[in-house]
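Structure first, commentary second.
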Amino acid sequence: MSDPDRQGHLPLVRMRGVEKSFGAARALTGVDFDAARGCCVGLVGHNGAGKSTLMNVLAGVVSPDQGEILINGALLDATYDPARAAEQGVRVVFQELSLCPNLTVAENLRIFHPSIKGIGWRKTARQVILAELDRIFPGHGISPDAEVGTLSIARRQMVEIARAFSNVNSRIELVILDEPTSSLDQNSAAQLVAFVRGFVAKGGTVILISHLLGEILDATDQIVVMKDGATAAVDATRHFDRPRLVREMGDVLAENNAFGGRKSTRRDGPALVSGPEENDQYLQLYPGEIIGFAGLSGHGQTDMLVRIFEASQGARGKITATEKAVFVAGDRQTDGVFPLWSITQNIFVGSLTRLTKGLSLDFGQAEEEAQDWQKRLSVRTPDMANNILSLSGGNQQKALFARALGADARIVLMDDPMRGVDVGTKQEVYEILTQEAANGRALIWYTTETDELKHCDRVYVFREGRIVAELSGEMLSEENILSHSFEKDTA
């Protein structure tokens, strides 16, 4: 791995004294930041620490209130914007995907590269994006003619990443990756990390924002830790380990890192959810349980969650649910937030029946409960009456958790809900979920982060749209999960 301390690594980006406020909220408080050529810089910190804002400034999306930005030694002036950033060779993969859902994969590339034109532009666009997808994600299975809106969020993420690294008559100096693996399974994430290391080895520069600390330690040469809009620590990656990273961010490190699942064997009363027998596997969920869905992304986990939710609403099918369910969406922009509403309104929309007194809504109680959830989940905002989109992506996800857990439903369905959530908040949410289960709620948790499955009583592994294994106790291990995820049927 390259060492950013050694001579020969020339600065590509230098940011000095960068400040930015949004109303009363100070997002950046005088940040200094460097990124060297041939270096992957990891940028970590809590949700709301200022990471995405700093990168938006570097990408020309947000204008700083104060400070200097130099790229290739040239001082950028007030006219710096995304177009000029592109001219400087800066590419960005945003946490909230920017693809046009009503266009095909190839057409989205054409928008990114207007130099692709003429009678045969579609053929060229198909070839370019397919070649890049093959290079980064071998075996991706994405057609360049697929409409983006029909793709899973994981495949949309792959397209966004491939588009950022594609080269058509343009220069690529720096690629900013904001939570690029948040919706990818373990195999696809490993493919991306390997590609990034190769890109950096050839002299490219990458800034990687991630809440997956193992990924940061594996992929980067240098780490910058941010806290409360300022830089808390800067050092070569070889000088960091997980405890130091967590300490610099101000988190309390959870000690329970062993696999094997929760030790609960509760099966109080009849099953709340029962599924069809498929491949000799029968899905069941009992009160007080947390069960996990695992396997490679896009192999039927989300579809099963949707089928269970529909059954809880009275739909007839092969799955039965005896209680109402509530859904925590992982794709918050498409299936989660109401973008025109406040944070408080987004939270209490799931509890309208309970909060209605007579013919009117008890706004006082709604605001009180929203304030309580703000404290419990550490939602970073000066005012819960602010629009939901004023929050960082991770804080938006916290609001969706508050909405679900504040509802009366006895079953909680979670579709990879920890995407873009920092490690400290994850620990807080894990404790809340455990307490909800202790109080008799039943939870089903699909996650692409294998490490999270240790919080489950049992785990169902999916492959090619079916449940292929049920794991619990000593059998619940990363090795067994991966084995069943990739193993082909022998029948």
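Side notes on the structure shown:
- Filtered residues of region 209-248 (kept if assigned to a strand (DSSP E or B), at pLDDT 90 or above, touching a helix residue (DSSP H, G or I) at 6+ places or on another chain (Cβ under 7 Å) and not aliphatic (A, V, I, L, M)): 222
- Identity of the residue in region 391-406, touching a Lys or Arg at 6+ places or on another chain (Cβ under 8 Å) and part of a loop (DSSP other than H, G, I, E, B), that ends up surrounded by the most Cβ atoms within 10 Å (Cβ to Cβ): 392
- Residue in region 227-236 that is more than 23 Å from residue 29 (Cβ to Cβ), touching a residue at least 24 places away in the same chain (Cβ under 8 Å) and in the same structural domain as residue 177 (by TED's automatic domain parsing) present: yes
- Test result for residue 371, of a type outside the set (D, E, K, R) and surrounded by fewer than 19 Cβ atoms within 10 Å (Cβ to Cβ): yes
- Subset of region 199-240 [of a type outside the set (A, V, I, L, M, F, W, C) and more than 25 Å from residue 450 (Cα to Cα)]: 202, 203, 204, 205, 222, 227, 228, 229, 231, 235, 239
- Only one entry in 164, 189, 125, 154 is in contact with a strand residue (DSSP E or B) (Cβ under 6 Å, 6 or more places away or on another chain), in a helix (DSSP H, G or I), surrounded by 15 or more Cβ atoms within 10 Å (Cβ to Cβ) and hydrophobic (A, V, I, L, M, F, W, C), namely 164.
- Scanning region 29-46 for any residue that is out of contact with any strand residue (DSSP E or B) (no Cβ under 8 Å at 6 or more places or on another chain) and either in a loop (DSSP other than H, G, I, E, B) or touching a residue at least 60 places away in the same chain (Cβ under 8 Å) (or both) turns up nothing.
- Residue within region 419-431 that is under 29 Å from residue 27 (Cβ atoms), surrounded by fewer than 21 Cβ atoms within 10 Å (Cβ to Cβ) and of a type in the set (Gly, Ala, Ser) present: yes
- A single member of 136, 129, 71, 116 is aliphatic (A, V, I, L, M) and in contact with a Leu (Cβ under 6 Å, 6 or more places away or on another chain), and it is 129.
The values are calculated or read from the model by the stated rules, or taken from the named source; none is laboratory data. The model shown is predicted, which means the values in this text are computed figures rather than measured ones. Note that we place each Cβ from the backbone using ideal geometry, even for glycine, and neighbour counts take in every protein chain shown.
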